[in-house]
Structures are given as C-alpha cells and as structure tokens.
Amino acid sequence: MLKTLTLCALVALAPPAFAHQPVTAGGLELTHGFTRATLPGAEVAGGFVTIRNTGATADRLTGGTAPFARAVELHEMSMQGDVMKMRRIEGGLEIAPGTVLELKPGAEHIMFMGLTQPLEEGKVVDVTLTFEHAGPVVVPLHVLEPGAKTGKH
Amino acid sequence: MQIRTEWIGLAAAALLAAAAGWFLLPAPRPDATGPDARAAIGKGDYVLTTTAGTPFTAASLTGHPSAVFFGYTHCPDVCPTTLGDITQWQEALGPRQGALRIWFVSVDPERDTPATLADYLSWSEGITGVSGTRAETDKALTSFAIYARRVGDDADYTMDHTAYVMLFDRTGDFVETIGYQEPIEQALPKLIRLLD
C-alpha cells in the first residue's frame, strides 16, 4: 500500500495527463482546477483553481457549493516561521480586471467542510463557485494524489 | 547552524504572534532559555495513548531514533503533505527506515480519537498515531515546545500549529527539525545522521 501511494506520488511528478479546458463565465476564465485525494476518514479537503479576469469590471468570489461537502468556504493558509496558520476569509476575494486569482496550496484556497464521501484519486468532481457578478459557475476539479502541490503542467 | 537559523525563525514567529496579540500556547520555546530548555524538549510527565493502545510517554522516545510530528486529521494541507513527505523519506531510506519510529501526535484530541487517528493513518506503514486527553495533550505540547491554537468557535474550527518534524536520538534527546516542505535533499542527510 505504501509502495502504491509512493508510486502514485512519483507518477504525479510527471505532468498530469488531463486537459485544461478553461471554463468561462462573463469575463472570468477558470483553469487548473484540482483537489486532493482524501486520507481515510478525512472530513475536509482543499480546492484549488486559477481565476483570470479578462473583463473590464471587477468581480468577487464569495463562496460556493459542492455535492460532496456540507459547506464550501474560502480559507487562507500561511506560514509564520514554523507555525502554520489557517484563517477563514470573510467577505470573499476580489478579482480586479486584468488580474489573476490563484487559489493554491499554502495560500488562499477553497475549503470543503464536512465531506460526505471520500475524494478518490483520478476522478473529477464538479463544484459550483459563486461570483458576485458572474453568478454560479460550475468548475471541474481533478482529484490528484494527497500531497499534490499544483495542478499545472 | 541550521538549528540556529530555525531558532531565529521561531523567535521571529513568536514576536510576530505576540505583536498581533495572539495567545501563545505553550510559553516555553526551544530558543527561550538556552541549552537547558533544549535538553528538556520531549521530556516531561505527559501520558498519551498510541493507536496501538499502548502508552506514549517520554520513555517512548528512548531505545531508537524517533521522528515526531504534531498535526490533526481535519488538517487540509500541511498534515497530508507532511505525511506524504514522510513516506518518501521512508522509501528513500530503504531498509534503514525500520530503525526509525515515527509518531503523529494530535493537537486536536477532541476530534481525533484513537480510532479516528488509526483510520487516518491506516494507509501508512510505520507511522503511529498518538492522542490523549486535553490536559495530557497540553502537557505534551509544552514539553515539545509546540505552538497549537484553536481558531474558530464552531464545529468547523481549524488549528494553527507548529508544522515541522522533530528528530530525537535513541536516548530521547532532541536533535533537530525538518521544516515544512523542506526538500528531501536536505531532509534525508538529517535522517541518515540520526540513524547512523
């Protein structure tokens, strides 16, 4: 089992073999969506996606829903020295025109609370992100290995 | 020298936290009072329980080299990442890793029962979960000079916590740390030194 997981981890170092078809909504372009396979019994998981605002007006990511989680929140993880700090983001995240909001491990990210099912590596799960102007946007997240750090090539 | 740098990092983190008015738990830190404080790391009269049902005390760190990591199962990022790193260290060490005992101590015993921890770690080999009462956990946090703080009042609270892996020699003395996401090229020599 250990070997299998490690093998998965090594394989994951190679470029993930999935297409990054952008999801567009108004001026927003969402790419590189991924989450991580959960360890047994885990009740939370992080979600990661890159959101580019190609439009002329600012928008704001306010939250979302997922069929596999009781709640979807926005969190910020940061390291202060050797201490990991996790904070819930209140009021959403603004995406100014021409800017990119990168939700990624070790920074701002989506948090799935109260998982109702495990997330299995290799699958794709759809989540709905809610924007102030663009409204609800369904984005697929690829389920990568538990320690995945990026969904990019 | 590496250790010294980490101590400075710790001191900086403590200052930052204090400046922002955060409550620091526990008070003693490896950088606080010099060699005596350092020698006391991991020592103390805490009594926790392993996922195997055996007691975990300061004596558990003697007789073999140990790696100790503090975390919790509701941890979305640091803990799975570090557990993944640990399995890579184990693979890289090969047969030598058998001499190393690895402990995952919960900073969130209210949610991490021994059964929850055992399930969470069931995929791993050679990583033993440790949990206990809040009082004994707090004693252990103080003994290991680990910062841990609950954030949020509802059921979905998270825990801020020190994220490095602590290495102890076979006499139970603290040696050094492996930092969060420290590259395996740096982590492996530390482990090999520990096992030699």
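Read the figures in this text as sums done on the coordinates, not as results from a lab. In this text the structure is predicted, and so the values were computed from the model without any measurement. Heads up, the Cβs are rebuilt from the backbone with ideal geometry, glycines too, and the neighbour counts pull from every protein chain shown.
All other residues with a Cβ under 10 Å from the Cβ of A:P105 taken together, and with Lys, Arg as +1 and Asp, Glu as -1, what is their net charge?
Working: positive: A:R36, A:K104, A:K149; negative: B:D77.
With Lys, Arg at +1 and Asp, Glu at -1, the neighbours total +2.
Kindly give the semi-axes, whole Å and largest first, of the ellipsoid equivalent to the range B:39-195, taking each as the square root of 5 times a Cα gyration tensor eigenvalue. Walk me through the numbers before you get to the answer.
Numbers: eigenvalues 105, 62, 44 Å².
One finds semi-axes of 23, 18, 15 Å for the range B:39-195.
The separation of the range B:111-146 from the range A:73-125, counted between C-alpha centres, amounts to 25 Å.
Compared with the alpha-carbon gap, the fully stretched path from A:V100 to A:T62 is longer by 12.1 nm at 0.36 nm per residue. Between the DSSP loop rule and a limit of at most 16 other Cβ atoms within 10 Å, which GluC sites (Glu not before Pro) in the range B:109-169 are left? Filter output for the range B:109-169: B:E110, B:E125.
If you rank B:L141, B:L117 by fewest surrounding Cβ atoms within 10 Å, what's the result? Present the calculation step by step, with values, prior to reporting the outcome.
Values: B:L141 22, B:L117 27.
So the residues, fewest neighbours to most, are B:L141, B:L117.
Note on the range A:22-144: Kirkwood hydrodynamic radius from all Cα pairs is 14.6 Å, rounded to one decimal. Efficiency by 1/(1 + (r/R0)^6): what FRET value for B:A92 and A:A71, r their Cβ-Cβ distance, R0 = 41 Å, to the nearest 0.05? So the FRET efficiency works out to roughly 0.60.
Around A:N53, what is the net charge, scoring Lys/Arg as +1 and Asp/Glu as -1 over all other residues with Cβ under 14 Å from its Cβ? List each step's numbers first, then the result.
Working: positive: A:R52, A:R60; negative: A:E29, A:D59, A:E94, A:E102, A:E132.
It works out to a net charge of -3.
The ranking of B:W89, B:W123 by Cβ neighbour count inside 10 Å, starting from the fewest, reads B:W123, B:W89. Measuring spread by the Cα atoms of the range B:63-126 yields a radius of gyration and Dmax of 12.1, 36 Å. When only the Cβ of Lys, Arg, Asp and Glu is charged (+1, +1, -1, -1), the dipole of the range A:21-147 relative to its Cα centre reaches about 60 debye. In chain A, once you exclude exposed GluC sites (Glu not before Pro) (DSSP loop, at most 11 other Cβ within 10 angstrom), what's the longest stretch remaining? Here the longest run is A:1-89. If you count, for every residue in B:158-169, the Cβ atoms of partner chains within 10 Å of its Cβ, what is the mean? Partner-chain Cβ atoms within 10 Å, mean over residues of B:158-169: 3.
How much length is gained on full extension from B:A58 to B:R134, taking 0.36 nm per residue of separation minus their Cα-Cα distance? Don't skip to the end; give the middle numbers.
On the way: separation 76, 0.36 × 76 = 27.36 nm, distance 1.72 nm.
The span from B:A58 to B:R134 would gain 25.6 nm if fully extended.
Ordered by the number of other Cβ atoms lying within 10 Å of each residue's own Cβ, fewest first, B:Y164, B:Y157, B:Y120 fall into the sequence B:Y157, B:Y164, B:Y120. Per residue, the Cα convex hull of the range B:132-196 amounts to 111 Å³.
Near B:P80, once Lys and Arg are set to +1 and Asp and Glu to -1 for all other residues with Cβ below 13 Å from its Cβ, the sum equals -3. Each label point was placed 7 Å from the Cα along the Cα-to-Cβ direction; for A:T130 and B:V151 their separation is 2.3 nm.
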